[in-house]
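Please treat every number below as a calculation from the coordinates, not as lab data. All of these numbers come straight from a predicted model, not from anything done at the bench. Note that we place each Cβ from the backbone using ideal geometry, even for glycine, and neighbour counts take in every protein chain shown.
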Amino acid sequence: MFGLFRLLLAVMVMVMVGHLFWISDFGRYAVFGFFILSGYLMTFLMHESYSYQLDGLKKFVANRVLRLYPAYWVACVFSIFLILCLGEVNTRVVSRSLSLPQTLDIIVVNLTMVSFSLFPHEVGPRLSPATWALTVELFYYCLIGLGVSKTKTRTAVWLCLSLTYVLLTYALGLFWHSRYFALPAGSLPFSIGALLYFLHKENWEPNWIKRPILSSKYLMLALIVNAGIGSKIQLDDSMLDIVELFFYANLLICSLLIYSIIRGDSLVNISKKLDKTLGDYSYPIYLIHWQIGTLASFIVYGNVVSLKYQIAPMAWLVSGILVMFS
């Protein structure tokens with residue numbers, strides 16, 4: 001039921017309007033949408049498919065490992081191939097992280113996707129540059145598996161602590177990165193997602209949430225418009241505080257959108273099989289979009305160039321084809 005939504009988020013964050021071409025910085029809005037969805041799904045799985053007993057935890061861990069790591073390691077091999085063929089000088093043109101790890105600790109980070117840093121995006125090089133967010137995901141998978149969202153009360157406490165962290169970053173005058181890239185920053189969207197599980201389990205459906213304007217289609221449109229406006233005004237340094245209002249409005253929109261889909265509303269009337277197939281593309285796109293951009297620019301221009309801020313239809317077309325067949 002979330003397949004198409006996941007694919008749309010992946011496209012927003014990566015291929016056409018995020019990292020690769022940077023027509024607009026939709027990426028940050030979509031990443032936290034993924035975090036909310038993961039908070040819901042992991043809590044759902046622990047309650048409905050596994051358990052908090054040792055056997056259930058083992059199955060949960062095994063499922064996550066099999067789902068995340070084989071595709072990730074394939075992406076890493078692809079990156080190594082590109083780096084060896086094109087050279088680090090060229091691959092770093094598209095992403096500064098796209099180079100070979102040289103030290104044992106960075107090799108371990110690249111093998112495990114686990115970096116022991118409050119700011120995982122600063123740890124590099126990373127053979128799959130976008131995996132700083134997967135470090136955040138893995139951390140909260142562990143917390144959810146250990147029971148941080150085992151009950152509604154625990155989840156509510158978790159949400160309160162998450163909000164407290166955000167407020168403290170403002171009180172201490174910390175930079176935006178502490179509310180987006182930092183490991184504790186992921187706590188807020190994950191805890192919101194976990195709370196959505198309990199709200200649905202209790203059949204929480206106030207009259208206002210049933211209004212047509214809050215259908216998944218309208219909310220998806222609102223998400224895109226909100227991200228577009230926020231990304232546009234972000235270019236004006238004097239409006240950065242207002243940009244953060246759009247970012248947190250995005251949390252509300254994403255939460256309502258995900259809850260709408262949980263309740264059975266759909267973005268498009270398609271079969272469950274097709275929805276799942278579309279969703280299956282989201283993770284590979286996430287893993288290899290930087291690498292695809294590197295390869296696409298080489299194919300189109302004969303050498304590796306940055307595609308950011310460029311209107312390059314041929315490069316978009318080649319990138320889309322490569323993503324679809326990767």
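Structure notes:
- Between helix 216-233 and the chain: long-axis angle, C-alpha atoms, 0 to 90°, nearest 10: 50 degrees
- Per residue, the chain reaches -21500 deg cm²/dmol at 222 nm when only DSSP H runs of four or more residues are counted, each adding -39500 (n - 2.57).
- A run of the chain free of exposed loop cleavage sites, with trypsin sites (Lys or Arg not before Pro) counted only in DSSP states other than H, G, I, E and B and at most 13 other beta carbons within 10 Å, reaches its longest extent at 97-307.
- Under the Debye formula (equal points on every Cα, no solvent term), log10 I(q)/I(0) of the chain at q = 0.09 Å⁻¹: -0.47
- Helix 313-324 and the longest principal axis of the Cα set of the chain meet at an angle near 60°.
- Helix 240-262 axis versus longest C-alpha principal axis of the chain: approximately 60°, rounded to the nearest ten.
- Computed on region 115-269, with alpha-carbon pairs under 8 angstrom and 6+ residues apart, the relative contact order is 21 percent.
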